[in-house]
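Below you'll find the structure, written out as structure tokens, and then a few comments.
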Amino acid sequence: MAMIRGCKVCICGGAGGIGQPLALLMAMDSNVSELALLDLTVAAVPAEGVAADVSHLESSAKITSFVMDPTSDDKPKDILGACFQNCDLVLIPAGVPRKPGMNRADLLNINLNVAKDLVEACARFCPNAMVALIVNPVNSIVPAMCEVYKRHGLDTSKILGVTSLDGVRANRFIHDFTGLPLSEIDVPVVGGHAGATILPLFSQDQVASTLPLETLSELDKRVQDAGTEVVKAKGGRGSATLSMAFAAAKLSKAILNGLLGDESTPVERRTACTYLASTVTDLPFFASKVTFGQLGVQTIHPLGQLSAYEQQRLLEAKKLLAGEIQDGINAILPLLPSATLPIGSKSSDRYEQPSARL
């Protein structure tokens, strides 16, 4: 029997609030032939248990689990090597969410090291894989992780920030307001993934563009504040986990369609908005529509025509985003060696024990 071509996907934090529903969705993606779930022994639910649960689905994907003990003196590189070996896509829903009384700097300081440990492992064991980060603050974490890849002489276009939830929300809110089918709605959301850096381009959607500016302004603000809306609805006892998993799976589908497809694969099936190193604006990082191909990022699309309202919002978003990009770079540089490290060098074998926050 001929082997079915597919990709190996790893979810770091696979037993967490986002990781579990994301594991379910990725196991059901026909592009996935192997799904590896990585988490820590301190996770509320054992990764082995999540893997056992997912392995009972009507899916042909091979399901494996890997667990690291943050209290052990054992080097994690053997576990990380086995987990990441031959990965095509690494999804990282890791770190801690923002809590009451915590500012952006606090969140960045905590989650920076979580992301760095895992991205260093990707650089070592699967340097050609796409790496999609769901680690807040995304606007700062992605530029920081690109600095990590630069030190290893790797392609920074492999590092993506998952911003697709903003587009999912924009589409749903337009659907709720108009009652028109979601199949007819596709709002590009560009910029960043926090507050006013989130910029829905309603003028570029055939449905949203028919609405009055006052309505669009209100929906723009709702997309920006949607995460807070969920936190409040959950009484402060959770954040947007299910919708984030859905959005990450949607981005993953576009990536995998690109990796496994060819030029005959419709562009719309391998295109999604994501945050990455970019030249579409004068900022070094920006979220916009990206088309994926067999080697990863194939085309970063220009923003296109903007309404007068969106042009003004773009200026606001860029001003905020510029500072957040620099915050990430400033935070990571003291943690990195000054010289570029060739893959396979002894320096790249050095790992700190990953934080207990996968």
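The values are calculated or read from the model by the stated rules, or taken from the named source; none is laboratory data. Just so we're clear, the structure is a prediction, and the values are computed from it rather than from any experiment. Ideal geometry is used to build each Cβ from the backbone, glycine not excepted, and the neighbour counts take in all protein chains shown. We work out accessible area using only protein heavy atoms, side chains counted, and drop any ligands, DNA or RNA first. Shrake-Rupley method; radii C 1.70, N 1.55, O 1.52, S 1.80 Å.
Between T215 and L180, the contour length at 0.36 nm per residue exceeds the alpha carbon distance by 11.0 nm.
Per atom type, the chain shows carbon and sulfur on 53% of its accessible surface, probed at 1.4 Å.
If only the Cβ of Lys and Arg carry +1 and only the Cβ of Asp and Glu carry -1, the dipole of the chain around its Cα centre is close to 360 debye.
As a calculated quantity, the FRET efficiency between D106 and D262 at R0 = 30 Å, using C-beta atoms, amounts to about 0.05. Each Lys or Arg adds one and each Asp or Glu subtracts one; over the other residues with Cβ under 11 Å from the Cβ of C122, this totals +1.
Taking the structure as given and computing Cα extents along the principal axes in Å, which label from (1) 73, 65, 38; (2) 60, 52, 45; (3) 74, 57, 40 fits? Correct label is (2). If one computes the Cα centroid of segment 263-284 and of segment 173-220, what distance in Å separates the two points? Centre-to-centre (Cα) distance: 19 Å. Think of a 1.4 Å ball rolled over the protein heavy atoms: segment 21-170 then has 37 Å² of accessible area per residue. Distance between the pseudo-spin-label points of L315 and K234 (7 Å out from Cα toward the beta carbon): 3.7 nm.
Of the peptides 267-280, 15-28, the ranking by mean beta-carbon count within 10 Å, highest at the top, reads 15-28, 267-280. May I ask you to list the residues of segment 191-208 whose amide nitrogen lies under 19 Å from a point 7 Å from Cα along the Cα→beta-carbon direction of R222? Answer for segment 191-208: 194-208.
Using the Kyte-Doolittle scale, find the helices of the chain whose mean hydropathy is at least 0.5 and whose Cα atoms extend 18 Å or more along the helix's long axis, counting only whole DSSP H runs. Helices passing the filter in the chain: 242-260. Every helix of 4 or more DSSP H residues in the chain counts as -39500 (n - 2.57), and over all residues that averages to -13000 deg cm²/dmol at 222 nm.
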